[in-house]
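Here is the structure we will look at.
What follows is calculated from the coordinates using simple rules that are stated; it is not laboratory data. All values derive from a computational prediction rather than experimental measurement. Cβ: placed from backbone, ideal geometry, glycine included. Neighbour counts: every protein chain shown.
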Amino acid sequence: LTYVNQARTIASTPPPPPRDSSNRTLTPRHLSSSMMRRLIQTPAHRPGRRQFIQLLSTRETTPSPSTGSSSISGRRYNTGESIQYQLDGAAASTAQPTAPHIHPTSRGIESQGISTRHLSSEATATHGLSPGGRHDFVGGSAHAGDDVMLNPLLNITREKQCPESSVAFLELFKAVSNLNDQSMPETDVAILDVENIDAGGIDGNTTACGNEGEGELLHKTGSDATVANSEAPEIKLNDPVDDADREKQRMRTILDRELQHTINSNGHIRVMEAFEEACSSPHELLDNGQLLRIFHYVLNYDVPASYKVLKYYAARCKEDGRLIRLDLYQRVIHRIRPVRMHHDGFKHRPSARRLDAIEVTNLVEDIKQHIQQEYSEGKKMVYQYILLPELVVALTEHSFPRTKGLATPIMEYMLDNKFPVLDPDLYKYILSKGRRSDTDSFPYHRVLSELISAGHVPNPEVVMNVLQCYHPFDDIDSTHKVLSIIQKLHLGGDGSPSATDYKVDLGTLESISMASARLNVEVNLLVWDLVELFGYSPTESMFEDVVMSFAATRQDENMYSALADMEKYGFVPSQALLRYVAVKVSYNENRLDHSQRMLFWRGNEHVRSTHGMNVLLIGYGMKRDLNTAFSVFEDFPKWELRPDASTFTFLMESLYIDTMDRFRQETDKPRRNYKQDDIDDVIGASQIILDAMEETGVEKTKQFFHEHIKLFCVLGRPKDAKLVFEEAMSSGTGVPMASLFKLATTFAAEGDFENSYAIAGLSSAVGCGKLPRLDSTINNLKKKQEHSQIVGQPVSR
């Protein structure tokens, strides 16, 4: 007990860092010194420490045959190649010996066994050791000149007897030396496993020992801890070290060497080679702690390789019936995010190599399948609830479409399986990272709907970003869902406008209306509801879009009502819109007749308008029913409607269509001999249109001139068409490029190439620029005509 108390007192003072003769700090790899130091510092209640102290205290001094001092059998130890220990302690009397305090003072264990220990002057004098030299204990002789450090703390004179504790340490060294001679090769070094000692490996049954980190267990032969032979106590091995243990310790040595040199860029390659070797072995050469060290080390260099280690570790944890830590997966997922190449000298640069698109694809697919297969039952589903959203977030950071598209099947899997929204900020971040090029597949509208249904309302910026992701809004169904969500958010739960402004700008609503025209009338109606909700006024394009939607869905009454409202707002629909509606209406004769009855019914003032009558007029003109078309025109005053420019243009176009059926003419052939009475009837009808137009005060438009020129060209009267052309030029209205082509080719077909080239030369004055195609057409017509004249002449003899 006295010995133990003194040892506790000395152990309370932390020893200085162990250093060798070159003043280099020793590492925990010097297991012999670590064993001695930690054994002394072990609390007294540990059974291994008490038995070891009892073993030391029962040893007797055995004089050397040659010098009369203690002899430790073994090899010759060289202090320059071994660990040195300094035996420190306080002054002690013969009744109360002082407990030694051991500090390692050398760099490590080399290839020649256990090192010498520097003792006090009394110990060296008693046992024949020279305080100033190197000692060879084999013969009890000592070699002078070695660096032996004397401890001044030992206040013991040379004449006094050496304490039994010092002798006991010498006996311990002697026993270990005998063990080395008996059980280990000449090149091996007997060392003690620090981790086994720390973990309580030295107790009443076993003593830890190893070979360069290889932990071996030295079993006692009996229940008593004493050694029979006091002169040369022996500790024998009952069981030899098997191959599995040797492989484990060899693997541990490799990992310790490689993982400590983190600066070496190729260290992770050798570590993975060791890992592959351990995986191919039938034995478990790596414990869980070593696997985690490999994972964290390789993660800094190669993410796919580190994930391979993580999967191996997860499989082992599954065999043990436990779950792997969640943060290990999160570390791998975090490394999937792209590396931003903005240099910052104050921030650590990641040393891991950048992954290409194929590597990211394979890694993501592997992670997704692994998580879905391993954590799909019971409480394990929490891993999916947490990890899969983080994986989607990591993929949305990428700008490469192929890599970013990997998030789509994962998100659809989450939505189909009704994943709970554990972290709404992740969902909001996913929505905020959406871009216009991502809407081909990623379900942003479903994510937004799931987030709101879970009770988490995002801010207006996130919602508007989701809406802009679907530009140009060709995905009608998704756009309709987002607009419906915006309408609900803006109204709030009670139907009144909420405090948060979720107002969509008018330009976006107009674009959505234009994209959904003729495709989905529900979206157009929703746009109109939002226009009214936000306090906007409908634009002309919105009217045209809803008219086309009604025409495409055969909602004629709503279509004519929209045209009437458009007239009330002062908007004039384009002639292209009216022609489109007329094509839809006149495709079926019954539908056209139904439109006429609906517009002529006295109680339908809300659907009757000039624009609706124009649709009906041109519809009959497309059906080649010229008389009914003029009959509709004559009913304008009856319903107090005023014709506009489109009315007269459609009348002239209807006349042109009817004339085309009566007088067919090809541009490359001479004009046929038509009856003059028929020609006069057409010209008379056109004059009626001109007189009515002048009477109502409607100005001629470019399209009206175009229809008038085409009419004269069909009748074979290009000179009259030229007069209309000159009128259009003089009025400053101009003509379309199609009128220029029609008139010039008509002159060329009649053989009047002078006027044809003259009309073609006016292309720049009209505003069409140079038309080389028109010149080529006229030249080809001229060559054909000249060729036909040459062939028709008789051959001269």
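Can you list, largest first and rounded to whole Å, the semi-axes you get for the range 718-757 by taking the square root of 5 times each eigenvalue of its Cα gyration tensor?
Values: eigenvalues 69, 21, 10 Å².
In descending order, the three semi-axes are 19, 10, 7 Å.
Count charges around MET613 for me, please; just the other residues with Cβ under 12 Å from its Cβ, Lys/Arg as +1, Asp/Glu as -1. Don't jump to the answer; show the numbers that get you there.
Working: positive: ARG608, LYS638, ARG642; negative: GLU567, GLU634, ASP635, GLU640, ASP644.
Residues close to MET613 contribute a combined charge of -2.
For a 18 Å ceiling on Cα separation, which of these pairs sit above it: LYS700/LYS722; LYS379/LYS418; LYS702/LYS722; LYS311/LYS380; LYS368/LYS404; LYS380/LYS404? Provide the component values of the computation, followed by the final result.
Working: LYS700/LYS722 16 Å; LYS379/LYS418 15 Å; LYS702/LYS722 15 Å; LYS311/LYS380 16 Å; LYS368/LYS404 15 Å; LYS380/LYS404 27 Å.
The answer is LYS380/LYS404.
What size of dipole, in debye to the nearest 20, comes out for the range 547-668 about its Cα centre when the only charges are +1 on Lys and Arg C-beta atoms and -1 on Asp and Glu C-beta atoms?
On the way: 14 positive and 17 negative charges, 49 e Å.
Using only the charged Cβ atoms, the result is roughly 240 debye.
Of all the C-alpha pairs in the range 590-654, what % are more than 14 Å from each other?
On the way: 1056 of 2080 pairs.
Percent of Cα pairs beyond 14 Å in the range 590-654: 51.
By per-residue mean of other Cβ atoms within 10 Å, what is the highest-first order of 779-787, 388-396? Before the final figure, lay out each step's value.
Numbers: 779-787: 13.1, 388-396: 21.9.
Put in order of decreasing packing, that is 388-396, 779-787.
In debye, nearest 20: dipole of the range 588-738 around its Cα centre with unit charges on the Cβ of K, R (+) and D, E (-)?
Details: 20 positive and 25 negative charges, 90 e Å.
Approximately 440 debye in magnitude.
With the calculation restricted to Cα positions, what are the radius of gyration and Dmax of the range 500-602 in angstrom?
Computed over the Cα atoms of the range 500-602, radius of gyration and Dmax are 14.5, 52 Å.
Highest first, please rank the peptides 292-299, 374-381, 653-660 by the mean number of other Cβ atoms sitting within 10 Å of their residues. Before the final figure, lay out the partial values.
Working: 292-299: 20.0, 374-381: 12.4, 653-660: 21.6.
Averaged packing, sorted descending, gives the order 653-660, 292-299, 374-381.
Order of 575-583, 360-368 by packing, highest average Cβ count within 10 Å first?
Details: 575-583: 19.7, 360-368: 17.3.
Ranked by mean Cβ neighbours within 10 Å, highest first: 575-583, 360-368.
With a sphere of radius 11 Å drawn around the Cβ of PRO409, what net charge do the other residues whose Cβ falls strictly inside it have (Lys, Arg +1; Asp, Glu -1)?
Numbers: positive: LYS368; negative: GLU365, GLU412, ASP416.
With Lys, Arg at +1 and Asp, Glu at -1, the net is -2.
Provide the descending list of Cα extents for the range 528-654 along its principal axes, expressed in whole angstroms.
Sorted from largest, the Cα extents of the range 528-654 read 48, 28, 28 Å.
Quick one: length gained pulling GLU754 to LYS488 fully straight, 0.36 nm per residue minus the C-alpha distance?
Here the answer is 88.8 nm.
Multiplying the sequence separation of ILE452 and GLU699 by 0.36 nm and subtracting their Cα-Cα distance, what value in nm do you get?
Values: separation 247, 0.36 × 247 = 88.92 nm, distance 5.68 nm.
Residue separation times 0.36 nm, minus the Cα-Cα distance, leaves 83.2 nm.
Within a Cβ distance under 14 Å of GLU695, other residues only, what is the Lys/Arg minus Asp/Glu net charge? Can you show the working numbers first?
Numbers: positive: ARG642, LYS700; negative: GLU634, ASP644, ASP691, GLU694, GLU699.
Local charge sum for GLU695: -3.
Would you mind estimating how fast the range 724-797 diffuses translationally, via Stokes-Einstein at 4 °C and 1.567 mPa s with the Kirkwood radius over Cα pairs, in µm²/s?
97 µm²/s
Hey, what did the range 389-508 get for relative contact order, percent, Cα under 8 Å, at least 6 apart?
Details: 110 pairs, mean separation 24.9, N = 120.
For the range 389-508, the relative contact order is 21 percent.
Starting from the Cα of LYS770, draw a straight line to each of the lysines and keep only those under 19 Å, dropping any in the same chain fewer than 8 residues away.
The reachable lysines, counting only those whose Cα sits under 19 Å from LYS770, are LYS742.
With a cut-off of at most 12 other beta carbons within 10 Å, and DSSP calling the residue loop, which trypsin sites (Lys or Arg not before Pro) in the range 387-454 qualify? Please list them. Don't skip to the end; give the middle numbers.
Details: sites: ARG402, LYS404, LYS418, LYS428, LYS433, ARG435, ARG436, ARG446; in loops: LYS418, LYS433, ARG435.
Those satisfying the criteria are LYS418.
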